[in-house]
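Notes to accompany the following structure.
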Amino acid sequence: MYLKSFSHQGIRNLASGKFELSPALNIVYGENGAGKSSLLEAICLLTSGRSFRTNKLDLVTNEEATQFIVFGQNEEQGRFGLNYQKKSKTKLIKIDGEKAKALSSLSRIYPTQVICPESYHLIDSGPSERRKYLDWCLFHVKHQYHSEWKQYSANLKQRNALLRRSSKPDLEQLEIWDKLLCDSANKVNQEREALLLQLEQTVLATIAQLNIEFCDSLTMRYYPGHSGDLAEKLRGNYQSDTDSGFTKFGPHKADIRLKVNGYLAKDYLSRGQKKILINALLLAQTNFLKTQTNKDSLFIIDDFSSELDQNNQRELLSMLIAQNNVQIILSCLQLDSLKWLEKGYNNAHMFHVKHGNVTPIKSSETY
Ligand SMILES: Nc1ncnc2c1ncn2[C@@H]1O[C@H](COP(=O)(O)OP(=O)(O)OP(=O)(O)O)[C@@H](O)[C@H]1O
């Protein structure tokens, strides 16, 4: 299954448009400021309900427009889309003529991976990016996980509300909420830990396929957001949790400890090496998903040539193309850097972007 066609209206500097996509490789090219990232962002909004550049949808909406609309079509769902209204801040999601409540119904259709300058947060930033990485897999692989996580979040919210009610801990009430929180935390931790063990094997296999020797010794370990027993940890911190009005320990603070040669990847690897590892981590997720659920993925790569050197670009793109389960949409400034692809850029669908206008171009005319 792949995204066959895509249409957009009211997105940043882009003029409205509709075009057909290739199930394999799609190349978006054009000068700086033409609108390439905006186009990729629009596709990402359709397939994940989110932008990879901002969480403020007002910024994505054309400055003179009151709304944006993105629509796509595939064989299974028919037409599906997202409409955002700037004034009321409402999002309307439609899948095959039916209204859907949550953005998650869009992201279930196409598991979407994005490689962009912000992807590097996965290694360099705090734990939340790594939790997202793990939860992304769980979301697509284990359907019950979404409700288990929602249950944990609801319990956490209640406990935090209780902490804020008074400057003295309400011991009786806290005990009740701790029990519920620990039960739901156990479920979340068990799912995450089990999945990470499996995922680590796929990551190592992908690293071997991509010949990333500096990552031979990579380990991925789950840290559940506390040491020792969670119930005890919570009990030992009643006063400090009440002072801050926030629960300090639990799966909402979990992390994946990524280590190479025994050191944290963020402290040990060079910037270039981190980029290569992140690509392998994302590619591994895609492979994992295929083996677990038979689902195909969409891979969005923004500003392809600036992110990796020529050799690594080739390794990554060749491997993505060889997957057969990945639809690729990449943007670049110039096509020269992709001339190593087979004649006609592997029959890619090509899109030239100029001053916000997207024009499909025959690949044979540009090669
Ligand atoms: N809400 C908006 N409304 C109208 N135009 C916008 C809006 N947000 C950004 N722009 C403009 O859209 C243009 C396209 O930006 P975009 O980042 O998509 O370009 P790009 O082709 O990816 O450029 P680069 O190669 O330099 O990364 C920019 O000139 C930007 O100022």
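As a calculated quantity, the FRET efficiency between E193 and S88 at R0 = 35 Å, using C-beta atoms, amounts to about 0.25. Rg then Dmax, both in Å and based on the Cα atoms of segment 102-213: 17.9, 57. With a simple spin-label model that places each label point 7 Å from the Cα along the Cα-to-Cβ direction, the separation between E365 and Y2 comes to 2.1 nm.
Rg then Dmax, both in Å and based on the Cα atoms of the chain: 22.3, 74. What do you get for the angle between helix 271-293 and the principal long axis of the chain? Use alpha-carbon atoms, 0 to 90 degrees, nearest ten. Compared with the principal axis, the helix lies near 80 degrees. Here the chain carries DSSP beta bridges of which approximately 70% are antiparallel, counting only pairs with both residues inside.
So, taking all protein chains as they sit and a 1.4 Å probe, how much accessible area belongs to C44, in Å² rounded to tens? Its heavy atoms expose roughly 10 Å² to the probe.
Taking label points 7 Å from Cα along the Cα-to-Cβ direction, A205 and L103 give a separation of 3.2 nm. Along segment 325-332 the Karplus relation, 6.51 cos²θ - 1.76 cosθ + 1.60 evaluated at θ = phi - 60°, assigns HN-Hα couplings of 10, 10, 9, 10, 10, 10, 10, 8 Hz to successive residues, with x for each Gly and Pro. Under 5 Å between amide hydrogens, built in the peptide plane, is the criterion, and for I301 it picks out I115, I329, L330, S331 among residues at least 5 positions away or on other chains. Normalised per residue, the accessible area of the chain is 48 Å², obtained with a 1.4 Å probe and no contribution from ligands, DNA or RNA. Mind jotting down the distance between the C-alpha centroids of segment 203-263 and segment 309-367, whole Å? First find each Cα centre; the distance between them is then 37 Å. Taking GluC sites (Glu not before Pro) across segment 1-97, the ones in a DSSP loop with at most 11 further Cβ atoms lying within 10 angstrom of their Cβ are E63, E64, E75, E76.
Per-residue SASA remark: L197, around 120 Å² accessible (1.4 Å probe; ligands, DNA and RNA not included).
Ligands, DNA and RNA left out, the 1.4 Å accessible surface of the chain is 47% carbon and sulfur atoms.
Couplings 3J(HN,Hα) for segment 159-164, derived from phi with the Karplus relation 6.51 cos²θ - 1.76 cosθ + 1.60 (θ = phi - 60°), are 5, 5, 4, 5, 4, 7 Hz, where x marks Gly and Pro. Derived scalar couplings between HN and Hα for segment 55-64 equal 9, 9, 5, 4, 5, 6, 6, 3, 4, 9 Hz in order, rounded to whole Hz, by the Karplus curve 6.51 cos²θ - 1.76 cosθ + 1.60 (θ = phi - 60°), x for Gly and Pro. Could you pull out the pairs from K101/K295; K56/K142; K18/K56; K18/K362 whose alpha carbons sit more than 26 Å apart here? Among K101/K295; K56/K142; K18/K56; K18/K362, the Cα-Cα distance tops 26 Å for K56/K142.
With a cut-off of 13 Å between beta carbons, the residues surrounding N62 carry a summed charge of -2, where Lys and Arg count +1 and Asp and Glu -1.
So for V141, V353, what's the accessible-area order with a 1.4 Å probe, most first? Provide the component values of the computation, followed by the final result.
Working: V141 30, V353 0 Å².
These residues rank, largest area first, as V141, V353.
Count Lys and Arg as plus one, Asp and Glu as minus one, and take only other residues whose Cβ is under 15 Å from that of I207; the net charge is then -1. Cα-Cα over 32 Å: which of K94/K339; K36/K87; K89/K266? Among K94/K339; K36/K87; K89/K266, the Cα-Cα distance tops 32 Å for K94/K339; K89/K266.
Take Y263: with every protein chain present and a 1.4 Å probe, its accessible area is about 130 Å².
The aspartates and glutamates within cross-link reach of K91, meaning a Cα-to-Cα straight distance under 12 Å and a gap of 8 or more places when in the same chain, are D58.
The values are calculated or read from the model by the stated rules, or taken from the named source; none is laboratory data. Just so it is clear, the structure is predicted and the values come from calculations on it, not from any experiment. Every residue, glycine as well, gets a Cβ built from its backbone with ideal geometry; the counts of neighbours run over all protein chains shown. SASA here: full protein model, heavy atoms, side chains in, ligands and nucleic acids out. Shrake-Rupley method; radii C 1.70, N 1.55, O 1.52, S 1.80 Å.
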